[in-house]
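Structure first, commentary second.
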Amino acid sequence: MTYEDGQLVRTIKERCKACYTCVRGCPAKAIRISAGQAEVIKERCIGCANCVLMCSRGAKETKQSVEAVRALLKSGAPVAAALAPSFPVEFGSVDPLRFAGMLRALGFKYVCEVAFGADMVSLQYRKLLNENPGKKFISTACPAVVSFVEKYHPALVPNLAPIVSPMVAEARVIHELYGRDVKVVFIGPCVAKKGESARSTGDLDESITFTELRALLEGAGVDRNSALDGQFDPPYPAKGVLYPMGGGLLNSAELEEDLLSGRFLSAEGLESFPEVLKNLEHGDIDSDFIDLLCCNGCIMGPGISVKTSKHAREAALRRYARKSYFSIKFSDWEESVRRFRSLDYSASFAPEDRRMGLPGADALKAVLEKLGKLNPEDELNCGACGYSTCVEHAVAIIRGIAESEMCLPYTIDRLKITAEELTVSYNQLAKTKQALMQSEKLASMGQLAAGVAHELNNPLGVVLLYSHLLAEQCEKGSRTFADAKMITEQADRCKKIVGGLLNFARKNKPFFRQTSLVKLVDNYFRTAPLPPALRVTVNRSGEDLQAEMDPDQLVQVLTNLVTNALEAMNGTGALTIRTFAEGNNVCFSVTDTGCGIKPENFKKVFEPFFTTKQIGKGTGLGLAVSYGIIKVHRGNITVESNSDAAAGPTGTTFTVKLPRVAKDAGAIKMKAEQARK
């Protein structure tokens, strides 16, 4: 992936995760989130590279200029290193003379300190303030601050001091002293300087960070052990060495802040400098000169690789500043100042308005409602999205640089809804799977039952025939007659079992027709032989409950359920039949007060040949046949039961649900009519 023109920071997409840390840390809100990926918007970026520092996954990287500088050093042209005054922070463990020697070993002909350019700029600030009393100025030493003003506070552009940065001032001094053919490379802690260098093509050729300088030294095999001591090239600085610290410009320009007058104001840091600019634009600041730094001083710049604390870095810079300041010859420094005072240090700035208009109230309200912010108290302003408030996030969504999913409460609510939907789907899938397994089991048993029944029918017929003949030839009351009767009874029982097997296996096609479930149940109980001790209750629905069904097969299901209920109650107790509607289904249930079904048997009740009755009392096919009939009707049959008297009244309820219009009922009905003809 290559950088676009002017692009200083980019995202390594394969490393980027949806943490929104870069959004939170970007003062310009120059990060666009798309499909969970963070993208740096080149036009909005001010080059502070704070997103690089904040990204723990290393998903942000800055534009690299190592190869370009390496090419300059190999070109044969004289190259000067314009060394930022914060270099003691990065290379504090190396003696300054040895460090200068390392740069010369790398190929630099001249090694100059930008701190002298800072001295010249400080004099320009003093002159500017003396010649313009009462006018407010903003320092322009920090390119990130300048870019922020141009893009997000264009009304304050006239307040930018029309003075170049120390880097550009030093480059002009180098060209004046050593010739226009000298190539100048700035080396410092700042990524935004790369953008400033690109705009200052007549003064700077390249800009690299201290981190990139380390890569150059390592690539060339230069270190403190292989290099010889050298000297920095004149002109030498004075208090300009203090520029990298907050308030360093004021100190260097001897613009000491007077708390009573409040003429000078110094602020640094990504949270402080935007607030100062906002207050200045609102008229809340009456200071004449405002010194701003984007980072917490240049000693905290993103191009520094050491991980020491801010206080340790300030201490390292002060040690070098004291040594440098007390070792210079002020006569030589004053001579250099007189020589280069007449150079042009002027600069101009132009608005580059990147502000986005506020959306309409209706659009903002619609986005907030989508995020679940229906009332002001719903706006948590938790900052998880990277924006300070829910309103700011909503505005960013409307502008197309943010997504709804960045809102943590919104995402959690969506996940809850999705989890609930998945739970419902899973339960439906589990029921479908269970029904499918039951259908497969019944199909396999049906095939087996059909084969067995056909094989048994013929020998059973022979046994019955000869047992009847034997009984007719024996005297009644004899032992042989009793044995023949026993054979006949058991053979009849076998025949009934075989008949049940055939009924189970045949799966007769239903003949659907419009039928009233209520009338079907009423007609059944008019003729059903029920024990006199049984209490029967039929709770009818208020409507007729018409549905497409085969009444004969439904009567068979009802008969099986009632028969099982009677056997469970031993002919006594209460039997309750209820007919009702449920959505697009017509339903009926059969409830008994019998012994109930044990929980471990729930999954087996619809399996063929499973029965809890005594031997000879049942075949275990009634519920299996009923299950098959209901499934052919595209319905459902379920069971609820309690067999533990300690948990409440015992009993069982079977519930049957049938669709009002059976699937393919019309086609089945037509085929049935054609078959009758």
Next item on the list: Could you please tell me the mean projected area of the C-alpha convex hull for the stretch 1-63, averaged over all directions and given in square nanometres to one decimal?
Entry: 3.8
Notebook entry, point to check: Which ³J(HN,Hα) values, rounded to whole Hz and listed in residue order, are derived for the stretch 244-251 from phi using the Karplus coefficients 6.51, -1.76 and 1.60 in 6.51 cos²θ - 1.76 cosθ + 1.60 with θ = phi - 60°, glycine and proline given as x?
Noted result: x, 8, x, x, x, 5, 4, 5
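Pull out the extension gain between Arg319 and Lys13, defined as 0.36 nm times the separation in residues minus the alpha carbon to alpha carbon distance; nm, one decimal.
Extending this stretch completely gives an extra 106.0 nm.
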Notebook entry, point to check: Local charge sum around Asp203 (other residues, Cβ-Cβ under 10 Å, Lys/Arg +1, Asp/Glu -1)?
Noted result: -1
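Can you give the charge dipole size of the chain about its Cα centre, rounded to the nearest 20 debye, using +1 on the beta carbon of Lys and Arg and -1 on the beta carbon of Asp and Glu?
Details: 84 positive and 77 negative charges, 581 e Å.
Dipole of the chain, to the nearest 20 debye: 2800 debye.
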Next item on the list: With an 8 Å cut-off on Cα pairs and a minimum separation of 6 or more residues, tell me the relative contact order of the chain in percent.
Entry: 11
Check: If we count other beta carbons within 10 Å of each Cβ, what is the order of Tyr387, Tyr524, fewest first?
Finding: Tyr524, Tyr387
Item checked: Residue list for the stretch 13-53, given a label point 7 angstrom along the Cα-to-Cβ vector of Asp284 and an amide N cut-off under 17 Å -> none
Check: So how far apart, in nm, are the two label points at Cys494 and Glu640 if each is 7 Å from Cα heading toward Cβ?
Finding: 4.4
Notebook entry, point to check: Residues with amide H under 5 Å of Asn381's amide H, sequence separation 5 or more or different chain, H placed in the peptide plane at 1.01 Å from N; which?
Noted result: Cys390
Note to self: Report for the chain the percent antiparallel among DSSP-assigned beta bridges with both residues inside it, nearest 5.
What the structure shows: 55
Notebook entry, point to check: Tilt of helix 622-632 relative to the longest C-alpha principal axis of the chain, in degrees (0 to 90, nearest 10)?
Noted result: 60
Item checked: For the chain, the spread of Cα positions along each principal axis, largest first, Å -> 153, 57, 56
Note to self: Would you report the distance distribution of C-alpha pairs in the stretch 531-607 as whole percents per 10 angstrom bin, up to the bin with the largest distance?
What the structure shows: 16, 42, 34, 8
Next item on the list: Among Thr652, Thr515, Thr209, rank each residue by its count of other Cβ atoms within 10 Å, from fewest to most, as a rough exposure measure.
Entry: Thr515, Thr652, Thr209
Next item on the list: Rounded to the nearest 10 degrees, what's the angle between the helix 517-527 long axis and the longest principal axis of the chain, both from Cα atoms, 0 to 90?
Entry: 30
Checklist line | Per-residue Cβ neighbour rank within 10 angstrom, fewest leading, Tyr236, Tyr243 | finding: Tyr236, Tyr243
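Roughly how big is the stretch 1-106's charge dipole about its Cα centre, with Cβ charges of +1 (Lys, Arg) and -1 (Asp, Glu), in debye to the nearest 20?
280
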Check: For the stretch 573-597 and the stretch 305-320, what is the separation of their Cα centres, given in Å?
Finding: 84
Next item on the list: Rounded to the nearest 500, what is the 222 nm mean residue ellipticity of the chain from helices alone, with -39500 (n - 2.57) per DSSP H run of 4+ residues and division by all residues?
Entry: -14500 deg cm²/dmol
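Can you work out the FRET efficiency for the pair Ser226 and Glu405, with r the C-beta to C-beta distance and R0 = 60 Å, to the nearest 0.05? Walk me through the numbers before you get to the answer.
Details: r = 53 Å, r/R0 = 0.89.
Once the sixth-power term is evaluated, E becomes 0.65.
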Next item on the list: Take the alpha carbon atoms of the stretch 168-217, find their center, do the same for the stretch 48-125, and report the distance between the two centers in whole angstrom.
Entry: 8
Notebook entry, point to check: Relative to the longest principal Cα axis of the chain, at what angle does helix 551-569 sit, 0 to 90 degrees, rounded to 10?
Noted result: 80
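Values quoted throughout were computed directly from the atomic coordinates according to the rules given, and no laboratory measurement underlies them. Remember, it's a predicted structure, so these values are computed and weren't measured experimentally. Every residue, glycine as well, gets a Cβ built from its backbone with ideal geometry; the counts of neighbours run over all protein chains shown.
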